[in-house]
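As structure tokens, the structure follows; a few thoughts come after it.
What follows draws every value from the coordinates through simple rules; no lab data is involved. Here the structure is a predicted model, which is why all the values come from computation and not from measurement. Virtual Cβ from ideal backbone geometry, glycine too; neighbours counted across all protein chains shown.
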Amino acid sequence: MSFVFAPYCIPAVPVWERKNEYFPVHRVYCVGANYTDHVKEVGAEGRERPFFFCKPADALVISHEGKEVEMTYPRDTHNLNLEVELVIAIGKNAPEKGIITTEEAMDYVWGYAAGVEFTRRDWHLTLREKRLAWEKAKSFDQSVLITDIRPKEYAPDPEKMDLWLYVDNQERQRGKCNHMIWNVAEIISELSTSWQLCAGDLIYTGTPAGTGPIEAGQAFEGGVGGVGVFKAKMTA
């Protein structure tokens with residue numbers, strides 16, 4: 001087999017405390033409005049069916065614990081928002097037909113990571129008002145950050161995890177994963193009704209209240225308890 005130009009490298013995330021072992025990334029899914037306080041913050045209500053959007057796998061930025069990573073403020077926005085999230089790493093392929101039940105769902109989890117999802121909020125508001133697709137608001141370069149992936153046997157139960165995010169040493173977000181409207185098993189099952197989940201898929205599970213902007217020159221840090229911590233600076 002020959003290619004007209006050299007193929008790009010497969011996006012991959014390091015595995016926690018395993019030297020030279022990586023988790024190859026297939027797709028990146030994100031869940032919208034999945035925490036009770038955040039749902040109230042955006043003016044919604046109730047336990048509505050979750051909605052999903054995708055990010056390019058090569059939009060991932062890796063943050064190693066104990067090291068600050070530099071990110072570039074994205075082009076074409078004046079209002080970049082960030083939010084902390086628990087990330088699920090899927091470790092095996094689902095059947096081509098049928099769905100994953102909630103009883104089966106945890107068997108598909110390989111591990112967890114802490115993540116940050118970024119939004120061009122100015123574009124998000126404009127596109128949402130016009131009922132247009134969100135790609136320009138969500139699916140840009142460096143639009144998701146992730147820590148090393150921790151195998152699930154070394155991570156606490158998601159119901160016992162907490163999340164936090166600081167921007168320039170000021171607390172921005174704090175919450176608990178047991179406040180998710182749709183839990184890990186339910187998210188996996190619901191996703192499988194529309195897509196065949198595959199080994200290498202990542203699922204960003206939503207965020208608590210407190211999402212807000214970050215400017216070029218500001219630093220941020222945070223994490224998910226028992227899973228990973230991150231530290232980064234947004235450069236011009």
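Let me know the charge dipole size of the stretch 51-154 about its Cα centre in debye, to the nearest 20, where only the beta-carbon of Lys, Arg (+1) and Asp, Glu (-1) is charged.
Its charge dipole is roughly 460 debye.
Could you count how many Lys pairs in the chain have their Cα atoms under 12 Å apart, skipping same-chain pairs fewer than 8 positions apart?
5
Quick check on the exposure proxy: order Phe140, Phe118, Phe52 from fewest to most C-beta atoms within 10 angstrom.
By the 10 Å Cβ count, ascending, the order reads Phe52, Phe140, Phe118.
At what distance in nm do the modelled label points of Arg131 and Arg75 sit from each other, each positioned 7 Å from its Cα along Cα→Cβ?
3.2
Extent of the chain along each principal axis, from alpha carbon coordinates, in Å, largest to smallest?
Result for the chain: principal-axis Cα extents of 49, 42, 37 Å.
Roughly how many debye, to the nearest 20, is the charge dipole of the chain about its Cα centre, given +1 on each Lys and Arg Cβ, -1 on each Asp and Glu Cβ, and no other charges?
Value, rounded to 20: 440 debye.
Can you put Arg172, Arg27 in order, fewest other beta carbons within 10 Å first?
In increasing order of surrounding Cβ atoms, one gets Arg27, Arg172.
Test of understanding: express the Cα radius of gyration of the stretch 1-134 as a ratio to 2.2 N^0.38 Å, with N the residue count.
With N residues counted in the stretch 1-134, Rg over 2.2 N^0.38 Å equals 1.26.
Spin-label point model (7 Å from Cα, Cβ direction): what's the Lys97 to Ile10 distance in nm?
Roughly 2.8 nm, to one decimal.
Per residue of the stretch 204-212, what does 6.51 cos²θ - 1.76 cosθ + 1.60 with θ = phi - 60° give for ³J(HN,Hα)? Whole Hz please, x for Gly and Pro, Karplus curve as stated.
8, 9, x, 9, x, 5, x, 4, x
Arranged by the count of other C-beta atoms within 10 angstrom, fewest first, what order do Met161, Met180 take?
Ranking Met161, Met180 by Cβ neighbours within 10 Å, fewest first, gives Met161, Met180.
Taking only the C-alpha atoms, wrap a convex hull around the stretch 103-147 and report its volume per residue in Å³ as a whole number.
Taking only Cα atoms, the stretch 103-147 has a hull volume of 117 Å³ per residue.
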